[in-house]
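Note sheet for the following structure.
The values are calculated or read from the model by the stated rules, or taken from the named source; none is laboratory data. These numbers come from a predicted model, not from an experiment. So basically every Cβ, Gly included, is an ideal-geometry build from the backbone, and we count neighbours across all protein chains shown.
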């Protein structure tokens, strides 16, 4: 078919304009804002005051921001290991001829179709609750009084209860990605390996894992993006105003850009700097992941 | 490609681009339409009452009103950018300090309009002066849904413990707590979301709000008042006056599962509380309330309280100032103020609506006797970088998992 350049331009123009207005403009404006101070996020540029890298320097000196960064890193690392381990485990089990595969797959994926708000409430009120939560009841029934009295929502354990609840809900999503990755691997390799006498474990480590490199790359990128944007769960664990156990960089950004219940000063410039730093974190991880999982020339 | 097809494709492209321009074209309403961005949701009792008032106003006056329910978060995130972007918004509302503080530069001075309408004749003086105070000495906002932050309690439980009068001093308060405890009742509970109000009130009673702001913004945590406050709270914790759930209550667990269900007697909160928990508390729940007790050698007493209101503001660029003020008057006076108060179990703004809903009637003497105003959480949330740390450590102090000295140390090292 003959290409008609005018028509191509006509049809791509609306999407291009939307992209430029909705994405590129805010990105550029945010990047610029991070070098200025202003009273409100929508103040006109003429009122901005240039401060150079001061917003970034101040952020690195702000202890609550560093706490938020530490929380995010711990969610990424510890939660990441747990989520990826279980997602892979379930995916491997489900692709090894387990009965009622669709049922199990649906059950494990289920938390992803429930709103995070409802799901967080379920964890807070029905599982972690100190008086009538599920964990309390199980330990009480077993006669383990000390464990039954443990307060999973107190100031020292809030981070861990949050991490467990969030990670639990994430497993199904990543399991599906692993599942699709494993299912497209050619069965010939496994047949040949079986004939050669390799057991399931050897097949997993020598065939499945190496061939899933590309999937790991996708999963690490998706996990990073979801952890960097960690917001709703933190708000659910600490409603109205944040706590150091549950604060993450984007929650901190929201607080300083829009203010909270008190009459605290709003700092949109500093908030923009948080946004830029988070974008850099994603880029850095993406770059590292690409280096770590170089595409092989494998074709299957 | 045939000419017909080309023309059709071009028309489709034009249609696509055209639809993109529609939102921009509808930003401004017609000149004769009042645009009101409401802080409520259309499903809330306040939203429903306001909708009724607006409908009646439109029917009576013929003025067109475009009422948009944005919700708290919607207004908080989008109002200012919309105002900066020149969107037509004639009336908006939110908390008294937020509207006067953050949106102050967009507000029309309402002194003349209020005088002309003789508005203040039937308005609560304390609320009007609070608005003037928040508006740097001039009236820029009109209060409605007044509220006061105080101890709300279960009268039946007080009666059961043989308590005859509400405490006004700290010693009396401790006595009330002990009596409740002796009667086998948990004296009080709290939720995490309001923990900062407890520390704010206690510090504020000791040294006043100005000093509280100084402590949190300048890191003056070595002030003796901080230790004094922490010791008082530690004393409440070690005496067993707080619920064992206080360390892990995530709002609204404490107010819903403890206070409303009658397992705890007192809860420090705003006068919106009875409305929030009415379905759980049931119709027989008898509400009482008293001001945060005065402390020995404190800077202020029970006459100083965190009271305020939601307020209406009018955009200074509006072309319909008179109509906007009339609509506000319509909502905040007479029949519709009464309706709003009844539907939301709130305090009426119009003094001729002398009968308050029974559930909040206990707050009347409190508001009548309040002469000086604290702002939200008595200023303890002024430093956004410290609020999460204050909240977390103070909850530990209330839960008894941290001592007063440890609290002060934690604050000093975080500042």
Review point. How about region B:361-389: which of its residues are over 17 Å from the mean Cα position of the chain (by Cα), crowded, with 24+ Cβ neighbours inside 10 Å and within 24 Å of residue B:301 (Cα to Cα)?
Key: none
Practice item. Look at residue B:413 and say whether it is within 18 Å of the chain's Cα centre (by Cα) and surrounded by fewer than 23 Cβ atoms within 10 Å (Cβ to Cβ). Key: no
Practice item. Look at region B:314-332 and say how many of its residues are surrounded by fewer than 22 Cβ atoms within 10 Å (Cβ to Cβ), within 26 Å of the chain's Cα centre (by Cα) and not in a helix (DSSP H, G or I). Key: 1
**Study point:** Flag if residue A:106 is more than 11 Å from every other protein chain (Cβ to nearest Cβ) and assigned to a helix (DSSP H, G or I)
**Key:** yes
Point to revise | Of residues in region B:61-95 being in contact (Cβ under 8 Å) with a residue 60 or more places away in the chain and more than 21 Å from residue B:105 (Cβ to Cβ), the one surrounded by the fewest Cβ atoms within 10 Å (Cβ to Cβ) | key: B:61
**Study point:** Complete set of residues in region A:183-199 that are under 31 Å from the mean Cα position of the chain (by Cα) and in a helix (DSSP H, G or I)
**Key:** A:183
Exercise for review: List the number of the failed condition for residue B:276; all other conditions in (1) touching a residue at least 40 places away in the same chain (Cβ under 8 Å); (2) part of a helix (DSSP H, G or I) hold.
Suggested key: (1)
Review point. Checking residue A:136 against (1) crowded, with 18+ Cβ neighbours inside 10 Å; (2) within 14 Å of another protein chain (Cβ to nearest Cβ); (3) under 24 Å from the mean Cα position of the chain (by Cα), which single condition isn't satisfied?
Key: (3)
Practice item. Starting from region A:9-38, keep only residues that are within 12 Å of chain B (Cβ to nearest Cβ), then list their pairs with residues that are surrounded by 13 or more Cβ atoms within 10 Å (Cβ to Cβ) and not in a helix (DSSP H, G or I) whose Cβ atoms are within a distance under 8 Å, requiring at least 6 positions of separation or different chains. Key: A:38/A:48
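Okay, residues lined up against (1) assigned to a loop (DSSP other than H, G, I, E, B); (2) without any contact (Cβ under 8 Å) to a residue 40 or more places away in the chain:
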site	(1), (2)
B:215	no, yes
B:227	no, no
B:231	no, no
B:247	yes, no
B:251	yes, no
B:254	no, no
Review point. Quick one: is residue B:310 within 20 Å of residue B:341 (Cα to Cα) and under 19 Å from the mean Cα position of the chain (by Cα)?
Key: yes
Point to revise | Residue selected from region A:244-275 under the condition part of a helix (DSSP H, G or I) and out of contact with any helix residue (DSSP H, G or I) (no Cβ under 6 Å at 6 or more places or on another chain), by the criterion farthest from residue B:198 (Cα to Cα) | key: A:250
Check your understanding: Which residue out of B:29, B:25, B:78 is more than 14 Å from chain A (Cβ to nearest Cβ), touching a strand residue (DSSP E or B) at 6+ places or on another chain (Cβ under 9 Å) and at pLDDT below 95?
Key -> B:29
Practice item. Please identify the pairs in which a residue from region A:231-242 that is part of a loop (DSSP other than H, G, I, E, B) has its Cβ atom under 8 Å from the Cβ atom of a residue that is surrounded by fewer than 19 Cβ atoms within 10 Å (Cβ to Cβ), counting only partners at least 6 apart or on another chain. Key: A:239/B:251; A:240/A:261; A:240/B:251; A:241/A:261
Review point. From the residues in region A:139-158 that are surrounded by fewer than 19 Cβ atoms within 10 Å (Cβ to Cβ) and assigned to a helix (DSSP H, G or I), which one is farthest from the other protein chains (Cβ to nearest Cβ)?
Key: A:141
Point to revise | Condition met for residue A:72 (more than 14 Å from chain B (Cβ to nearest Cβ) and in contact with a helix residue (DSSP H, G or I) (Cβ under 7 Å, 6 or more places away or on another chain)) | key: yes
Revision key, fill the gap. Residue B:271 fails exactly one of (1) more than 23 Å from residue B:343 (Cβ to Cβ); (2) more than 12 Å from chain A (Cβ to nearest Cβ), namely (1)
